[in-house]
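> Have a look at this one before I ask anything.
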Amino acid sequence: MPINNILCTICARSGSKGIKNKNFILVNNKPLISYTINQAKLSKIFDDIVLSSDSDQIVNIAKKNKIEIFFKRKSNLSNDKSGKIEVIRDALLESEKYYNKKYDYIIDLDVTSPLRSVDDIKNAFNLFLQKNYDILFSVSDSRKNPYFNLVEVKNSGQIKLVKTRNSKFLRRQDAPKCYDMNASIYIWRRSALLKYKSLFVKNTGIYIMPEERSIDIDTPLDLEIVSFLLRKKKYD
C-alpha cells in the first residue's frame, strides 16, 4: 500500500523557562529552528511541513526557510500549561482545513533537539510502519536507572528509589532496561493522535537513538554542548 499524506509539524512558542527565547536563539550563527526545518526538508518524506507558533519572530524565520505560514497558534495553546499533543492535534486540523485533505501520518520534530540526523527521521518512520504502531517516539539509553540509582524524597522526608521490586538490584546491569525520552521525533497515525491524550498506549513503540544525537536543549549547558557538536559539523 502506498504511503501518502505525511504531515510534519514543528512546534515553537515564544516563551521558555530554562533559556529565554530558545526556539529562535542563534546557535553557531543560525537560528535553532532552522536546523529542524532543514532536516525535515532533506528527509523528503513529507507532503507538507507546517509551523505552529505564537511568535512573529519565529514565523519570520520559518518564512525565510520557505515554510508556508497559514495559521498562528491560539493563545490558550501557547502558555506553560499547554500540552504538546493538544498543540500538534491543532496543527493537524488547521493543516487539513487549509490543504483540504486528510493526513495518514503525523511526525513532529522538536526544535530543541537539533542533533538528530535525517536518517533518524526516515528510520524511525520505517520502524513505525514495519511494526504497525499507532504511536512511536524516540529515546536513548538511560544514563540513570530508576530501579538502581534514581531516588526521590517522599512527603515524609524518607528517601527511596524511584522504582522498586521485591528483589534488590546490586548492579545497574541487572536492573530492567530503561530509556530516556529524548524529545526528538514523535509519530502518530491520524486516528491515534485524535483519540489519545497520552503517548503511552498499548500499541506504542520506541526508536532508539545514540546519546550523541539525543541532547534536548533545556539548560545553558545543553546549549553549549549542542553548539560544540554542531560546530564539528557532524550532524548538520
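Computed from the coordinates by the stated procedures, all read-outs in this text should not be read as laboratory data. Remember, predicted model here, so these are calculated numbers, not experimental data. Glycine gets a Cβ as well: all are built from the backbone with ideal geometry, and neighbour counts include every protein chain shown.
> Starting from the range 105-201, pick out the trypsin sites (Lys or Arg not before Pro) whose DSSP state is loop and whose Cβ has at most 16 other Cβ atoms within 10 Å.
Qualifying residues, ordered by number: Lys131, Arg143, Lys144, Lys154, Lys163, Arg165, Lys168, Arg171, Lys177, Lys197.
> What nm value, rounded to one decimal, do you get for the distance between Ile225 and Lys131 when each label is placed 7 Å out toward the C-beta?
The modelled label-to-label distance comes out at 2.4 nm.
> What share of the DSSP beta bridges in the range 1-160 is antiparallel, in percent to the nearest 5?
Taking every DSSP beta bridge with both residues in the range 1-160, the antiparallel ones total about 25 percent.
> Rounded to the nearest 0.05, what FRET efficiency do Lys202 and Leu93 have when you use their Cβ-Cβ distance and R0 = 30 Å?
0.75
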